[in-house]
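Asks: What follows is a structure written as structure tokens; I'll ask about it next.
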Amino acid sequence: MILQTMGVPNIAALVLVLTGCGTRATPLPPSSRNPSAYVPRTRAVTITAVPLLVKELVKTYPFLERDFAPGGVLSGKEVYAFSPSTITAVSGDTLRLTLLNPEDDDHAFVLRDFFVTLPPQSRIDTTYIAKAPGIYDFSCSVPAHLPMMHGQLVVLSADQVSVPVETATSAQPIAR
Ligand SMILES: [Cu+2]
């Protein structure tokens with residue numbers, strides 16, 4: 001009887017509401033998150049400069065000889081990477097960075113407001129505070145390693161982080 005008086009959209013809404021009242025395993029809806037409850041934290045990240053297609057590998061990969069030759073697709077370049085190449089943080093977090101360059105070429109770790117030189121076979125321990133939310137490129141500064149040797153720092157805003165109200169230390173009741 002009730003269903004006969006409800007339109008199809010209302011039935012669909014009822015089904016959504018009922019299925020949303022399930023167990024705690026169901027992700028919390030955005031309305032139950034409390035962005036102000038996020039407490040910035042320190043995140044430890046180790047980033048290593050890794051050689052991928054470099055001149056030392058010509059004997060292992062004979063095709064590289066043509067690639068590195070004048071006019072080849074890697075003429076004047078070598079392919080290195082940062083591993084990992086994506087760092088994720090929340091605005092206000094402190095990144096405790098360990099930057100490793102285990103090999104014999106110079107590199108650098110460069111963000112728009114941050115520059116660290118990485119001499120051969122070095123380890124640099126430093127910190128960086130994630131500021132405004134956004135996606136920020138980082139790269140090496142050696143022209144022969146660009147544009148390949150780069151990555152991204154993804155800075156989330158606090159309201160993009162799921163912080164259930166009942167577990168947040170500074171949670172306030174949500175006024176309705
Ligand atoms: Cu480099």
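Asks: Out of everything in the range 110-147 that is aromatic (Phe, Trp, Tyr) and under 16 Å from residue 88 (Cα atoms), what residue ends up being nearest to the chain's Cα centre (by Cα)?
Replies: Residues of the range 110-147 that are aromatic (Phe, Trp, Tyr), as a first pass: 114-115, 128, 136, 138.
Keeping just the survivors that are under 16 Å from residue 88 (Cα atoms) gives 128, 136, 138.
Numbers: 128: 14, 136: 9, 138: 11 Å.
That would be 136.
Asks: Right, next: Could you please let me know if residue 144 is assigned by TED's automatic domain parsing to the domain that holds residue 53, at pLDDT 95 or above, more than 16 Å from the ligand (Cβ to nearest atom) and not hydroxyl-bearing (Ser, Thr, Tyr)? Spell out how you get there, then give the answer.
Replies: Values: assigned by TED's automatic domain parsing to the domain that holds residue 53: yes; at pLDDT 95 or above: yes; more than 16 Å from the ligand (Cβ to nearest atom): no; not hydroxyl-bearing (Ser, Thr, Tyr): yes.
No: the conditions fail for residue 144.
Asks: Among the residues of the range 99-111, is any at pLDDT 95 or above and away from the ligand (no atom under 16 Å from the Cβ)?
Replies: No, there is no match, as no residue in the range 99-111 is at pLDDT 95 or above and away from the ligand (no atom under 16 Å from the Cβ).
Asks: Looking at the structure I just gave you, is residue 84 more than 22 Å from residue 152 (Cβ to Cβ), assigned by TED's automatic domain parsing to the domain that holds residue 151 and at pLDDT 95 or above?
Replies: On the way: more than 22 Å from residue 152 (Cβ to Cβ): no; assigned by TED's automatic domain parsing to the domain that holds residue 151: yes; at pLDDT 95 or above: yes.
When the stated conditions are applied, residue 84 does not pass them.
Asks: Let me ask something else about it. Within the range 52-103, track down each residue that is polar (S, T, N, Q) and either out of contact with any Gly (no Cβ under 7 Å at 6 or more places or on another chain) or surrounded by 15 or more Cβ atoms within 10 Å (Cβ to Cβ) (or both). Spell out the reasoning first.
Replies: Of the range 52-103, the ones polar (S, T, N, Q) are 60, 75, 83, 85-86, 88, 91, 94, 98, 101.
60, 75, 83, 88, 91, 94, 98, 101, listed by residue number.
Asks: Does at least one position in the range 71-79 carry a residue that is more than 26 Å from residue 125 (Cα to Cα), of a type in the set (A, V, I, L, M) and within 16 Å of the ligand (Cβ to nearest atom)?
Replies: yes
Asks: Ok, one more. Could you say which residue among 162, 139 is in contact with a Leu (Cβ under 9 Å, 6 or more places away or on another chain), among the hydroxyl-bearing types (Ser, Thr, Tyr) and modelled with pLDDT of 95 or more? Break it down stepwise before answering.
Replies: Details: 162 fails: modelled with pLDDT of 95 or more.
Unique residue meeting the criteria: 139.
Asks: Do we have any residue at all in the range 127-141 that's within 13 Å of the ligand (Cβ to nearest atom), within 15 Å of residue 51 (Cα to Cα), outside any loop (DSSP other than H, G, I, E, B) and in contact (Cβ under 8 Å) with a residue 60 or more places away in the chain?
Replies: No, the range 127-141 contains no residue that is within 13 Å of the ligand (Cβ to nearest atom), within 15 Å of residue 51 (Cα to Cα), outside any loop (DSSP other than H, G, I, E, B) and in contact (Cβ under 8 Å) with a residue 60 or more places away in the chain.
Asks: Pick out the one residue from 59, 55 that is away from the ligand (no atom under 16 Å from the Cβ) and in the same structural domain as residue 155 (by TED's automatic domain parsing).
Replies: Values: 55 fails: away from the ligand (no atom under 16 Å from the Cβ).
Going through 59, 55 in turn, the sole match is 59.
The values are calculated or read from the model by the stated rules, or taken from the named source; none is laboratory data. For clarity, every value in this text was computed on a predicted model and none was experimentally measured. Please note: Cβ atoms are built from the backbone with ideal geometry, for glycine as well, and neighbour counts cover all protein chains shown.
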